[in-house]
Amino acid sequence: MSHIREDDLITSIADALQYISYYHPPDYIRALSAAYEAEESPAAKSAMAQILINSRLCAEGHRPICQDTGIVIAFFKVGMALRWDTNRSLQELVDEGVRGAYTHPDNILRASIVDPPIGARRNTGDNTPAIVHTELVPGDKLEVRLAAKGGGSENKARFAILNPSASVVDWVLEQLPSMGAGWCPPGILGLGIGGSAEKAMLMAKAALSEPINIHELRARGPANAIEEMRLELFEKVNALGIGAQGLGGLTTVLDVQINSFPTHAASLPVALIPNCAATRHCHFTLDGSGPAQLEPPALDSWPEIAWDPTAGARRVDLNSITREQIASWQPGERLLLSGKLLTGRDAAHKRIVELLDRGEALPEGVDLSNRFLYYVGPVDPVRDEVVGPAGPTTATRMDRFTDQILEQTGLIGMIGKAERGPAAIDAIRRHHAVYLIAIGGAAYLVSKAIKSARLIAFEDLGMEAIREFEVEDMPVTVAVDSRGVSVHETGPQQWRSRIAEIPIKVE
Ligand SMILES: O=C(O)C[C@H](O)C(=O)O
């Protein structure tokens with residue numbers, strides 16, 4: 001009978017969370033590299049190049065793949081014959097491991113958890129608590145599947161109880177366009193079909209840590225209805241043309257994984273959860289012989305990528321930018337930004353708008369006139385860094401504040417990731433402003449362009465505080481130009497039509 005010591009579990013959780021913060025799973029790298037090779041859309045190819053280069057830099061530098069280092073999800077299969085050497089609850093042990101990983105001085109990770117979820121939403125400071133799921137199984141081992149799930153992809157989860165005669169494939173295809181690009185495609189779709197409402201969600205989440213093997217499945221052929229559905233969804237979702245970062249392209253998903261369970265005759269529960277470019281999970285088993293040993297992947301698993309951010313890019317001086325200059329920028333044009341910008345995301349926007357509504361001045365140093373605002377919540381720096389990984393957050397969440405901020409502060413442009421909604425696009429057009437995107441999932445690479453970082457306001461908001469960054473040649477793309485043309489509308493439309501014209505190969 002194995003005795004699971006509390007220190008072994010805590011150490012294993014902490015080590016595994018550190019490991020997955022900087023090592024992508026090798027199957028993800030293989031699948032993304034193949035998609036990168038096959039991609040024909042220049043914008044999507046460039047996005048994938050940046051994600052792959054970023055991934056390698058993180059593996060070498062042991063720094064997080066994404067500034068959103070996730071909410072920790074732990075699935076345990078607890079052997080019913082094992083013995084625990086602890087007086088503490090499993091939740092407490094996992095949280096101690098999370099605390100150790102997220103505050104590790106060599107590779108500090110971002111604390112993203114707020115408590116309570118409504119009202120004050122104060123950052124807990126160490127990314128606890130984790131979400132813990134357990135299942136009792138025969139045997140005397142402890143099997144652990146650990147994930148650090150990004151908020152942007154989690155926000156796009158969907159659930160429905162369909163009529164038993166409805167088509168799951170049709171329902172999934174209806175969801176994808178409304179999910180936009182905030183889940184940072186290309187990634188993986190996890191589906192849970194059947195069971196009950198809560199069982200379907202859990203199955204969808206668990207499906208995301210299955211190995212990526214859709215091409216092997218295609219090669220050997222489906223053996224049952226679930227495998228047939230995986231292949232059908234893989235083809236049909238990619239035919240939507242959404243592409244990497246929603247810019248239009250051949251690959252939107254690298255795999256579709258499905259778990260299923262018997263269900264009530266009256267119901268067809270279906271849950272859909274996407275995983276982003278910062279796919280992070282690992283799997284280990286404790287048998288009482290000590291903590292888990294995780295082997296580092298070979299660095300030659302990462303492809304050599306030729307990506308020149310300067311090719312065809314316009315250099316922009318943010319310190320002297322004018323509305324006349326931004327009026328000449330074209331949708332999809334690549335820029336290299338240098339100079340000063342301010343940062344701010346969800347909580348800072350809420351506070352700014354509350355101040356504006358009360359007619360009060362913004363805090364000292366928060367002068368947005370003719371400035372760019374970067375939607376980011378960075379990781380804290382370690383060693384000689386000025387800031388840790390600092391990729392963009394989903395801009396769509398800031399849409400509700402955009403018109404008022406453009407109107408009342410003189411802000412000239414915004415930088416984020418994913419599409420803007422109709423109201424924000426209209427505001428951008430009316431105020432002759434602009435919206436630029438950096439690549440979600442390339443946070444460490446983006447941080448290399450940040451030469452200084454200074455806290456300006458709202459320190460209590462932690463990673464959501466307002467900072468001033470000085471950047472040099474920060475690569476971005478014009479996503480909504482000053483006339484209101486959005487590449488997240490034009491790109492997928494164009495690629496959906498092109499994919500429809502590609503003749504289907506009969507093998
Ligand atoms: O919280 C973040 O930094 C990003 C978030 O995961 C998002 O994708 O919007």
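Can you tell me which residue among Arg121, Arg88 is surrounded by fewer than 23 Cβ atoms within 10 Å (Cβ to Cβ) and either more than 23 Å from the chain's Cα centre (by Cα) or away from the ligand (no atom under 16 Å from the Cβ) (or both)?
Working: Arg121 fails: either more than 23 Å from the chain's Cα centre (by Cα) or away from the ligand (no atom under 16 Å from the Cβ) (or both).
So the residue among Arg121, Arg88 that is surrounded by fewer than 23 Cβ atoms within 10 Å (Cβ to Cβ) and either more than 23 Å from the chain's Cα centre (by Cα) or away from the ligand (no atom under 16 Å from the Cβ) (or both) is Arg88.
Under 7 Å between Cβ atoms, which residue pairs at least 6 apart in sequence (or on different chains) link something in the range 140-169 that is assigned by TED's automatic domain parsing to the domain that holds Ser267 with a partner that is within 16 Å of the ligand (Cβ to nearest atom) and charged (D, E, K, R)?
Ala147/Arg280; Ala148/Arg280; Gly150/Asp68; Gly151/Asp68; Gly152/Asp68
Could you say which residue among Ser112, Ser55 is outside any loop (DSSP other than H, G, I, E, B), in contact (Cβ under 8 Å) with a residue 12 or more places away in the chain, crowded, with 21+ Cβ neighbours inside 10 Å and among the hydroxyl-bearing types (Ser, Thr, Tyr)? I'd like the intermediate steps shown before the answer.
Values: Ser112 fails: outside any loop (DSSP other than H, G, I, E, B).
Just one listed residue meets the conditions, Ser55.
Going residue by residue through the range 84-91, is there one that turns out to be within 17 Å of Val379 (Cβ to Cβ) and either of a type outside the set (A, V, I, L, M) or not assigned by TED's automatic domain parsing to the domain that holds Cys276 (or both)? So that I can check it myself, show each step before the final result.
Kept after step one, since they are within 17 Å of Val379 (Cβ to Cβ), are these residues of the range 84-91: none.
No, the range 84-91 has no match at all.
Considering only residues that are small (Gly, Ala, Ser) and on the phi < 0 side of the Ramachandran plot, which ones fall in the range 406-422? Can you show your working first?
Of all residues in the range 406-422, those small (Gly, Ala, Ser) come to 410, 413, 416, 418, 421.
Matches in the range 406-422: Gly413, Gly416, Gly421.
Please indicate, with yes or no, whether at least one residue in the range 416-428 is hydrophobic (A, V, I, L, M, F, W, C) and closer than 24 Å to Gly70 by Cβ. Walk me through it before giving the result.
Taking the range 416-428 as the starting set, the residues that turn out to be hydrophobic (A, V, I, L, M, F, W, C) are 418, 423-425, 427-428.
Narrowing further to those that are closer than 24 Å to Gly70 by Cβ: 418.
So far as the range 416-428 goes, yes, one or more of its residues are hydrophobic (A, V, I, L, M, F, W, C) and closer than 24 Å to Gly70 by Cβ.
Considering only the range 426-502, give the strands (runs of 3 or more DSSP E) lying wholly within it that have at least 3 residues that are more than 16 Å from the ligand (Cβ to nearest atom). Talk me through it step by step, then tell me what you get.
Details: elements: 434-437, 450-457, 466-480.
Hits in the range 426-502: 450-457, 466-480.
Sort out which residues of the range 304-336 are of a type in the set (A, V, I, L, M) and either touching a Pro at 6+ places or on another chain (Cβ under 8 Å) or in a helix (DSSP H, G or I) (or both), and write them in order of number.
First, the residues of the range 304-336 that are of a type in the set (A, V, I, L, M): 305-306, 311, 313, 316, 318, 321, 326-327, 335-336.
Residues satisfying the conditions are Ala313, Leu318, Ile326, Ala327, Leu335, Leu336.
Given Gly150, Gly182, which one is crowded, with 16+ Cβ neighbours inside 10 Å, closer than 14 Å to Gly70 by Cβ and within 16 Å of the ligand (Cβ to nearest atom)?
Working: Gly182 fails: closer than 14 Å to Gly70 by Cβ.
Of the residues listed, the single one that is crowded, with 16+ Cβ neighbours inside 10 Å, closer than 14 Å to Gly70 by Cβ and within 16 Å of the ligand (Cβ to nearest atom) is Gly150.
Counting only residues that are among the hydroxyl-bearing types (Ser, Thr, Tyr) and away from the ligand (no atom under 16 Å from the Cβ), which one in the range 253-289 is surrounded by the fewest Cβ atoms within 10 Å (Cβ to Cβ)? Even if it seems obvious, please write down each step before you answer.
At the first step, the residues of the range 253-289 found to be among the hydroxyl-bearing types (Ser, Thr, Tyr) are 260, 263, 267, 279, 285, 289.
Those still in the list that are away from the ligand (no atom under 16 Å from the Cβ) too: 260, 263, 267, 285, 289.
Working: Ser260: 19, Thr263: 18, Ser267: 16, Thr285: 14, Ser289: 9.
Only one residue tops the list, namely Ser289.
Taking Ala157 as the residue in question, decide whether it is within 23 Å of the chain's Cα centre (by Cα) and farther than 21 Å from Trp495 by Cβ. Can you show your working first?
Numbers: within 23 Å of the chain's Cα centre (by Cα): yes; farther than 21 Å from Trp495 by Cβ: yes.
When the stated conditions are applied, Ala157 passes them.
Could you please find all residues in the range 382-423 being touching a residue at least 40 places away in the same chain (Cβ under 8 Å), in a loop (DSSP other than H, G, I, E, B) and within 16 Å of the ligand (Cβ to nearest atom)?
Scanning the range 382-423 gives Val387, Gly388, Pro389, Ala390, Gly391, Pro392, Thr393, Ala418, Glu419, Arg420.
The values are calculated or read from the model by the stated rules, or taken from the named source; none is laboratory data. Values in this document were obtained by computation on a predicted structure and should not be read as measured data. A quick note on method: Cβ atoms are made from the backbone with ideal geometry, for glycine too, and the neighbour counts reach across all protein chains shown.
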